[in-house]
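Notes follow the structure.
The values are calculated or read from the model by the stated rules, or taken from the named source; none is laboratory data. Note that the coordinates shown come from a computational prediction; the quantities given were computed from them, not determined experimentally. Cβ atoms come from the backbone with ideal geometry, glycine included; neighbour counts cover every protein chain shown. Just so you know, the surface numbers come from the protein's heavy atoms only, side chains and all, with ligands and any DNA or RNA stripped out. Shrake-Rupley method; radii C 1.70, N 1.55, O 1.52, S 1.80 Å.
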Amino acid sequence: MEKITYPFIRKNVFFGVLDRNLKKLENRLGVSLSIRGDCLFLDGEPDKVESAKFYFEKIHELEEKGYDLKEEDFHIILDLLEEGQTKPLESYFPAEVLNLSRKSVTPKSLNQQDYIQAIRNYDFVFGIGPAGTGKTYLAMALALSFLQNKLVSRIILTRPAVEAGEKLGFLPGDISQKINPYLRPLYDALFDLVKADQANRLIEKGIIEIAPLAFMRGRTLNGSFIILDEAQNTTKEQMKMLLTRSGFDSKVVITADITQIDLPQPTKSGVLQALKILSPIREISFCYFNEKDVVRHPLVQKIIKAYQKAEAKAHN
């Protein structure tokens, strides 16, 4: 058993709720961890212990320099070390905070940090990855931050209303009642980030518009922050239509999970074509997420891995 001695700052952050963070770090580092007083004890195979010691030395260096590390930062630092990043760790911290009326939002993984920076620096951004990786939620938070800071004059939130061609006729009710179930996830994210009365006021004034993708045809959207959600279920024609709606001083963020395409002919997804033909354009950013970025129930990461393995076997 190895021992590291130094004042371990904010032990409650390191341990996490019900020791959740401590257990996650043990699994990732492959060692047993315990803290007694000012001592951190590491137990395990010698090579794993040495790697863990190096990791905690880097943590300590950042703490000593005054960085206010959050629970997720421990894992971002581990990601950086595992990926062999050559830039100083300090260049990734402190994590950017988006202060909104109801809550503050911070990236919880390195890919999420890169995604936020891409949205700030590029006018067209694709966020590709499995469910629960924060693609839509972070895009929504950035959109509200841009609106709050008067960098855009309105927010347009859209998604395909029906997975296979927006055929709404069979649903009961008027057009609003027909499309509402498909747009509900966008409303959920919005109301989680800002107070309900504020969100409703912005919607009533048309400053925030939530509409099915079909409603975007024929429009030119200037000064807008446009989010196309569930873009894997767009046709090629729909994708081209949305991409060409952007006007001056606008941003377009397209989120998609290409493992869950619900079109009758998945290979004809507009996102798959866009990734292929637009990737050479340097002014467009493509951000990819994986199971490490999932911020839902811890089992979701394992479920995603299990499906990936099964799908890989099916293709071999």
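Residues of region 190-245 being among the aromatic types (Phe, Trp, Tyr) and open to solvent by 10 Å² or more (accessible area, probe 1.4 Å), which ones?
Scanning region 190-245 gives 191, 215.
Considering region 261-283 alone, what residues qualify as being farther than 18 Å from residue 123 by Cβ, part of a loop (DSSP other than H, G, I, E, B), without any contact (Cβ under 8 Å) to a residue 60 or more places away in the chain and over 20 Å from the mean Cα position of the chain (by Cα)?
Passing the criteria: only 265.
Tell me whether region 68-84 contains one or more residues that are surrounded by fewer than 18 Cβ atoms within 10 Å (Cβ to Cβ), of a type in the set (Phe, Trp, Tyr) and in a helix (DSSP H, G or I).
no
Considering each residue of region 222-251, count those that are part of a helix (DSSP H, G or I) and acidic (Asp, Glu), and give that number.
Within region 222-251, the subset part of a helix (DSSP H, G or I) is 231-233, 236-243.
Remaining after also requiring acidic (Asp, Glu): 237.
The number of residues fulfilling the criteria is 1.
So, in region 206-227, of the ones that are of a type in the set (Gly, Ala, Ser) and touching a residue at least 60 places away in the same chain (Cβ under 8 Å), which residue ends up nearest to residue 187 (Cα to Cα)?
Only one residue tops the list, namely 224.
Within region 284-316, restricting attention to residues that are of a type in the set (A, V, I, L, M, F, W, C), at pLDDT 85 or above and under 15 Å from the mean Cα position of the chain (by Cα), which residue is farthest from residue 121 (Cα to Cα)?
Restricting to residues being of a type in the set (A, V, I, L, M, F, W, C), at pLDDT 85 or above and under 15 Å from the mean Cα position of the chain (by Cα), the top hit is 289.
Among (1) open to solvent by 30 Å² or more (accessible area, probe 1.4 Å); (2) in a helix (DSSP H, G or I), there is one condition residue 115 misses while meeting the rest; what is its number?
All conditions are met except number (1).
Pull up region 229-260, narrow it to residues that are of a type in the set (Asp, Glu) and under 18 Å from the mean Cα position of the chain (by Cα), then point me to the one that is farthest from residue 139 (Cα to Cα).
Here the answer is 257.
Pick out the one residue from 254, 258 that is under 17 Å from residue 288 (Cα atoms), open to solvent by 40 Å² or more (accessible area, probe 1.4 Å) and either in contact with a strand residue (DSSP E or B) (Cβ under 7 Å, 6 or more places away or on another chain) or assigned to a helix (DSSP H, G or I) (or both).
258
Can you give me the number of residues within region 85-103 that are hydrophobic (A, V, I, L, M, F, W, C) and either modelled with pLDDT under 75 or open to solvent by 50 Å² or more (accessible area, probe 1.4 Å) (or both)?
Total meeting the criteria: 3.
Please verify whether region 99-111 includes one or more residues that are touching a Lys or Arg at 6+ places or on another chain (Cβ under 9 Å) and under 21 Å from residue 230 (Cα atoms). Break it down into steps so the answer makes sense when it comes.
Going residue by residue through region 99-111, those that are touching a Lys or Arg at 6+ places or on another chain (Cβ under 9 Å) are 101-102, 106, 108-111.
Imposing the further condition that a residue be under 21 Å from residue 230 (Cα atoms) reduces the set to 111.
There is at least one residue in region 99-111 that is touching a Lys or Arg at 6+ places or on another chain (Cβ under 9 Å) and under 21 Å from residue 230 (Cα atoms).
Considering only region 53-62, I want to know if a residue exists there that is open to solvent by 10 Å² or more (accessible area, probe 1.4 Å), in contact with a strand residue (DSSP E or B) (Cβ under 6 Å, 6 or more places away or on another chain) and touching a residue at least 40 places away in the same chain (Cβ under 8 Å). Walk me through how you get there before you give the answer.
Of region 53-62, the ones open to solvent by 10 Å² or more (accessible area, probe 1.4 Å) are 53-54, 57-58, 60-61.
Checking which are in contact with a strand residue (DSSP E or B) (Cβ under 6 Å, 6 or more places away or on another chain) leaves us with none.
So far as region 53-62 goes, no, none of its residues is open to solvent by 10 Å² or more (accessible area, probe 1.4 Å), in contact with a strand residue (DSSP E or B) (Cβ under 6 Å, 6 or more places away or on another chain) and touching a residue at least 40 places away in the same chain (Cβ under 8 Å).
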